[in-house]
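Note sheet for the following structure.
The values are calculated or read from the model by the stated rules, or taken from the named source; none is laboratory data. The shown structure was predicted, so the numbers you read here are calculated from the model rather than taken from an experiment. As a convention, Cβ positions derive from the backbone with ideal geometry for all residues, glycine included, and neighbour counts pool all protein chains shown. For the accessible areas, the whole protein counts, side chains as well, though only heavy atoms, and no ligand, DNA or RNA atoms are used. Shrake-Rupley method; radii C 1.70, N 1.55, O 1.52, S 1.80 Å.
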Protein chains: 2
Amino acid sequence: MPPHPLAILSEAETNIARDVIIASYGNEVIDFREIYLQEPPKAQLKEYLALEHSGRLSPTSPRPARLAFCQYDVIGSNRVPEFHESVVDVNLRKRVSHQMVGKQHHASLTLSEFDTFIERCKASTLFQQALADFDLPEGFDVVIEPWPYGGPDLTEENRRYFQALVFAQDMRSGNPDANFYSYPLPVIPVMDVLTQEVIRVDRPATGGKGDGLFDQTFKRDIIGHCKASDYIPELLPHGTRQDLKPLNVAQPEGPSFRITDESLVEWQKWRFRVAFNPREGATIHDVWYDGRSVMYRLSVSEMTVPYADPRPPFHRKQAFDFGDGGAGNMANNLSLGCDCLGVIKYFDAVVTGADGTAKPMPNAICLHEQDNGIGWKHSNWRTGRAVVTRLRELVVQFIITLANYEYIFAYKFDQAGGITLEARATGILNVVNIDANKVSEYGNVVSGGVLAQNHQHIFNVRIDPAIDGHNNSVVVEESHAVPMNQRTNPNGNFYQITKSTLERACYLDAAPQHNRTIKIINPHKTNPISQNPVAYKFQPLPTQLLLADRQSVQAQRAQFAQHHVWVTKYRDGELYAGGRYTLQSQVEVDGVADAVQRGDPVEDTDVVVWNSFGITHNPRVEDWPVMPVEIFQLMIRPADFFTANPAIDVPSSKNVSSRLVPDECCRKANI
Amino acid sequence: MPPHPLAILSEAETNIARDVIIASYGNEVIDFREIYLQEPPKAQLKEYLALEHSGRLSPTSPRPARLAFCQYDVIGSNRVPEFHESVVDVNLRKRVSHQMVGKQHHASLTLSEFDTFIERCKASTLFQQALADFDLPEGFDVVIEPWPYGGPDLTEENRRYFQALVFAQDMRSGNPDANFYSYPLPVIPVMDVLTQEVIRVDRPATGGKGDGLFDQTFKRDIIGHCKASDYIPELLPHGTRQDLKPLNVAQPEGPSFRITDESLVEWQKWRFRVAFNPREGATIHDVWYDGRSVMYRLSVSEMTVPYADPRPPFHRKQAFDFGDGGAGNMANNLSLGCDCLGVIKYFDAVVTGADGTAKPMPNAICLHEQDNGIGWKHSNWRTGRAVVTRLRELVVQFIITLANYEYIFAYKFDQAGGITLEARATGILNVVNIDANKVSEYGNVVSGGVLAQNHQHIFNVRIDPAIDGHNNSVVVEESHAVPMNQRTNPNGNFYQITKSTLERACYLDAAPQHNRTIKIINPHKTNPISQNPVAYKFQPLPTQLLLADRQSVQAQRAQFAQHHVWVTKYRDGELYAGGRYTLQSQVEVDGVADAVQRGDPVEDTDVVVWNSFGITHNPRVEDWPVMPVEIFQLMIRPADFFTANPAIDVPSSKNVSSRLVPDECCRKANI
């Protein structure tokens, strides 16, 4: 059987695409960035899925072509790489489309570019000269942490650059996981990727309140006021706490889910497919509940992390963690018993080496059930009868590491028809050196000599709904006070619900003061009980939007971060809120703002809803050395989609493994 | 050993208080409402706690008196109950204070008053005449659901009344838990409590859009268009789902917590006391982490649920679920394996019968640990070494049932020094009859003939902090954009953090657009790393505030629901955001708004911070017949209180009970 049209490219398919691309060229060197499934055009996939859902699929049914999207550099005799994108039909073994990407865009970075950068820094006289300004204690090594260059100033030529933050690592313990982030060095080497030369070493300021933006105040003893702050258990000065008893999740009868055909998940009336790509990580497709369509595709589309320290070159610290290097590329290999508890299904992924060869990426996604407390309860006080059910969730999780930082993303499905998109931020703060005994209005001192700069994290979630079908509308619903008046509100307790259907692509912001709710409705399907159109809804999280000045490069390249909700008409391939090419962008191109700009009609059609939310993260000392998770939850819920609580038939059976606390844990005080 | 000053009154102590009160009167009948611990004045308790924490407590140390707060009616020969409150010193067996409560206030209700009301309705000719307007099908019984009367209109005499919603119950199955809420009858009997007579039967409208506020449009066949909507498993038409496999939480080595002296909980460096009273339910006291004081007292202070249907008498549907009847009085008896999983410690409570006799209330509070996913993680991409810890939480939970509705309250402590106050709303919507085939702008039709009216739930949490001591200040911190300018923000990426210390008692609202954060600081203690004052912080949840017209009775009696944050100077006994006497209040008296009105200085003193949040609940069909939980979380977090992430020493050991999914759960598709 051929693979499902949404199945990720197998290693064999990936390697076919590689071969087709290489064969298209002569003597040029082909340096691969990515090869991954180009999802079928929606028109084709809809037809296929319709057959699949109606049980009419046969081996001879028409199937969308298996297409490989290939990104690679072509390096000719002039040694100047050109960035190309091709689509290969894997079964036909044929390149079906091809373009050279314009010079105004940069290809996303690869980790091998980072490796080269590190080597080049080490070999750079310029870099060594800069380091010579510092006295490092015996036993300390220099660690180079490559970063995207951020958005170049409008005054500079937009060549392909990388920058790096630099740290010292105390190697006296011999432990390669000693936390080097606690010893930041104020040098930022910049490499021209084309020439592979370190062209300059920026010297950021290390001052505090009262010092100027450009004041160079550092001392030769650059980390004398820094101290170890380790997180690796064997390096903790007092070891780990010993009084935490194990808490085990056991599922003696196995999980309640079933996986068919590699990617099809069935659980508690839900049915959806899990896919993966190097850009977005795990994506969710073709989501149904109890035989009814809910979503066509759900994904984390982009995120940006702009830093607020105005001292150059820190204004270029702005990551696009999905567009710059690919969230999928940065996915962790997950471990049994660490990243989740219970019975776990892992999904493997495939990524691409520089030579285009497929590389397996094991355990990139995990799937498991978890208990989230009480699901619903009612006690009849007349009879004393209580019925209580647990809230079981199915979690599709992936975790990405971006140098110092990590994000944990989870799509959570529950028995009441709800979908929650959860993001957890953890990892190590991005930090820079600050002189001894100074404080800063640009961040917080979280360890001696370590300034954690203020920054924001703004996520964008892309919701491609299919509420009982593909033609949907978006309704903005609000609740408003009504002045007391004899005719409609004689006692002043009435409030009014307003509903307006969006006609054209647009953006709008959260308005919790009006209880603003975004409802995605099917205007052709009426709930037989309420007579409202069937819908799913969410309340946009009213988190602070991007703070950078609208004219700044930071803001221009992150327009998606300037409004909470964006509504567009579906277009094939329009997946990325910040645009396809974010690395070193100076302005957002073909992102969600441009899509809105088209002004497409969005009523009763194939709409897409994008939601931006995040956190203004002014670091706490408690975020150091590894930050406790900050949790964000976007809750997407049915709203008159069903004819009752879909979880009403969840059994209320008593869990037989629960125990009363043993007597020895409860004792009388001595006094 | 005498009990700890915060220990709830024992049954013996309660009965002593009863005896002292009864002995203070002659022939009068004493009808008890409540007897519970009057917590010691803070000045005394602070002294005691200081001895306790310094290990200097001895059997001869001074102890605050054990005081019983007693609320009761005195019924003399005129048979008119007078509402009295006394404080009894239990050890001295002496009444130490006494007042008769003014007629402008009503005592909170007791369930025995409800029982009387039901009996009187059944016996009432007026009520029977009203019912005679309807034809009920064979086998249906009438169910009377007593309610507080709400806020009386300003034009009516504020006598003590009760009202009831009335339903029909299909008893043909013989099951007393058949869901009667699906058969609402449009009659609302009102009883004068003094005369115990049903004085009138209100006839609410049953119309829909287009019908007037007072139109009587009901038909004799009043529930012909209603249908069964049961939640009891044996009455579900299709039974319960069968494919949910057990998920067990096992703690083979027991819990990580220890309970000493009945109420002292020690867990993962936390140390606090759990108490209980009939008004607030579970309360948390004297909270320390790793030998440092964090909170003096934490409680859910009040909540109000105003309904928005303007048709009289629905404007009087407004519950104060803490003040009207006492959340503690309504607490569920919790069950092992149903209300929580794992190893559970239950705390019992004591409530009071009408004759003043103590009645044990078993399992009123549960305490257990739970896993909440990943706590922190970092992977070193150079070495591949990942360190990941789980987020273990300790949960103190109680659940209250208020006729149709339930709330689940949990104080959650985590290993990173965080405290989360969680409220879950579930249970059955409060509903009224609506004519066949009509819809309404006052609510949503959730079942045939069943209108679930729009309403709000607004909670208030009272935070009495003790951040490294009792004298604290409150700082409002915000993040603001700064226009691009050469001097301070040359590239436009800078944003500014503003901090202002509150000088006087005041209220303020959530402002997520400014990232408004409330920090409770100790101005005398500086974090040695950041040089900021040590603090705990929270972001007020920016939920919609009370919508009722400011001049309405609904709004006047719920001033606490009109702003998110209230800051007051501590006063003994000032615990209730909506005032001590909410039952039938027409205006909030001695609530948090009055406390703010005093304009006390609140800098560097004993401050209290109150946070109101909630939900505008415009019902969904999915909320019927029992609503899936809606979850609210107020997150209180350390902010430069510690010198590092307090959870950094949590062991990252692998959970050995996790399993890979068995092969039989994963299969190839047939097609």
Would segment A:199-213 turn up any residue that is within 13 Å of chain B (Cβ to nearest Cβ) and among the polar types (S, T, N, Q)? no
How many residues of segment A:332-350 are modelled with pLDDT under 95 and under 19 Å from the mean Cα position of the chain (by Cα)? The answer is 5
What number goes with the only condition from (1) more than 18 Å from A:F322 (Cα to Cα); (2) away from chain B (no Cβ under 14 Å); (3) under 19 Å from the mean Cα position of the chain (by Cα); (4) aliphatic (A, V, I, L, M) that A:L575 does not pass? (1)
Test result for B:Q44, within 30 Å of the chain's Cα centre (by Cα), modelled with pLDDT of 95 or more and open to solvent by 60 Å² or more (accessible area, probe 1.4 Å): yes
Hey, can you tell me all the residues within segment B:509-536 that are facing chain A (nearest Cβ under 8 Å) and either open to solvent by 50 Å² or more (accessible area, probe 1.4 Å) or basic (K, R) (or both)? B:Q513, B:H514, B:Q531
Requiring at least 2 residues that are more than 30 Å from A:Y442 (Cα to Cα) and modelled with pLDDT of 95 or more, the strands (runs of 3 or more DSSP E) wholly within segment B:482-597 are B:565-569
Could you check, for segment A:276-291, whether at least one of its residues is out of contact with any Phe, Trp or Tyr (no Cβ under 8 Å at 6 or more places or on another chain) and part of a strand (DSSP E or B)? no
Considering (1) over 17 Å from A:A644 (Cα atoms); (2) more than 8 Å from every other protein chain (Cβ to nearest Cβ); (3) touching a strand residue (DSSP E or B) at 6+ places or on another chain (Cβ under 6 Å); (4) of a type in the set (A, V, I, L, M, F, W, C), say which one B:A436 fails and leave the rest. (3)
Given the conditions (1) open to solvent by less than 10 Å² (accessible area, probe 1.4 Å); (2) at the interface with another protein chain (Cβ under 7 Å from one of its Cβ atoms); (3) touching a Phe, Trp or Tyr at 6+ places or on another chain (Cβ under 7 Å); (4) not hydrophobic (A, V, I, L, M, F, W, C), every one holds for A:S612 apart from (2)
Going residue by residue through segment B:360-382, is there one that turns out to be part of a loop (DSSP other than H, G, I, E, B), open to solvent by 30 Å² or more (accessible area, probe 1.4 Å), within 30 Å of A:D230 (Cβ to Cβ) and within 8 Å of chain A (Cβ to nearest Cβ)? yes
Over segment B:424-460, the set of residues aliphatic (A, V, I, L, M) and surrounded by fewer than 24 Cβ atoms within 10 Å (Cβ to Cβ) is B:A425, B:A436, B:V439
With the condition kept exactly as written, say whether any residue in segment A:62-80 is touching a helix residue (DSSP H, G or I) at 6+ places or on another chain (Cβ under 8 Å), loosely packed, with under 12 Cβ neighbours inside 10 Å and assigned to a loop (DSSP other than H, G, I, E, B). yes
Residue match in segment B:47-55 (condition: open to solvent by less than 50 Å² (accessible area, probe 1.4 Å), assigned to a loop (DSSP other than H, G, I, E, B) and either of a type in the set (G, A, S) or under 21 Å from B:P360 (Cβ atoms) (or both)): no
Pick from segment B:618-644 the residues that are over 25 Å from B:V461 (Cβ atoms) and touching a helix residue (DSSP H, G or I) at 6+ places or on another chain (Cβ under 9 Å): which of them is most open to solvent (accessible area, probe 1.4 Å)? B:T643
Output the residue which, of all residues in segment B:316-359 that are within 13 Å of another protein chain (Cβ to nearest Cβ) and of a type in the set (D, E), is farthest from B:G254 (Cα to Cα). B:D348
Test: A:L51 is of a type in the set (A, V, I, L, M, F, W, C) and farther than 19 Å from A:A349 by Cβ: yes
In segment B:295-315, residues that are within 13 Å of another protein chain (Cβ to nearest Cβ) and of a type in the set (A, V, I, L, M) total 2
Check off (1) in contact (Cβ under 8 Å) with a residue 40 or more places away in the chain; (2) in contact with a Lys or Arg (Cβ under 7 Å, 6 or more places away or on another chain) for B:D192 and give me the number that stays unchecked. (1)
Test: A:V396 is touching a residue at least 12 places away in the same chain (Cβ under 8 Å), touching a strand residue (DSSP E or B) at 6+ places or on another chain (Cβ under 7 Å), at the interface with chain B (Cβ under 7 Å from one of its Cβ atoms) and not polar (S, T, N, Q): no
Within the group B:V608, B:V621, B:V656, which residue is more than 18 Å from B:A319 (Cα to Cα) and free of Cβ contacts under 8 Å to residues at least 12 places away in the same chain? B:V656
Strands (runs of 3 or more DSSP E) wholly inside segment B:386-442 containing at least 1 residues that are among the acidic types (D, E): B:386-402, B:405-414, B:419-427
Which members of segment B:230-266 meet the condition of being over 30 Å from A:L244 (Cβ atoms) and either at the interface with another protein chain (Cβ under 7 Å from one of its Cβ atoms) or assigned to a loop (DSSP other than H, G, I, E, B) (or both)? B:D230, B:Y231, B:I232, B:P233, B:L236, B:P237, B:H238, B:G239, B:T240, B:R241, B:Q242, B:D243
Return yes when A:A282 is crowded, with 21+ Cβ neighbours inside 10 Å, under 30 Å from A:D211 (Cα atoms), out of contact with any helix residue (DSSP H, G or I) (no Cβ under 7 Å at 6 or more places or on another chain) and among the hydrophobic types (A, V, I, L, M, F, W, C) and no when it is not. no
Return yes when A:Y289 is open to solvent by 10 Å² or more (accessible area, probe 1.4 Å) and either within 14 Å of chain B (Cβ to nearest Cβ) or not aromatic (F, W, Y) (or both) and no when it is not. no
Residues being over 21 Å from A:G323 (Cβ atoms), in contact (Cβ under 8 Å) with a residue 60 or more places away in the chain and of a type in the set (G, A, S) - total across segment A:90-131: 2
Suppose we filter A:G239, A:G210, A:G254 for residues that are open to solvent by 70 Å² or more (accessible area, probe 1.4 Å) and among the small types (G, A, S); which single one remains? A:G210
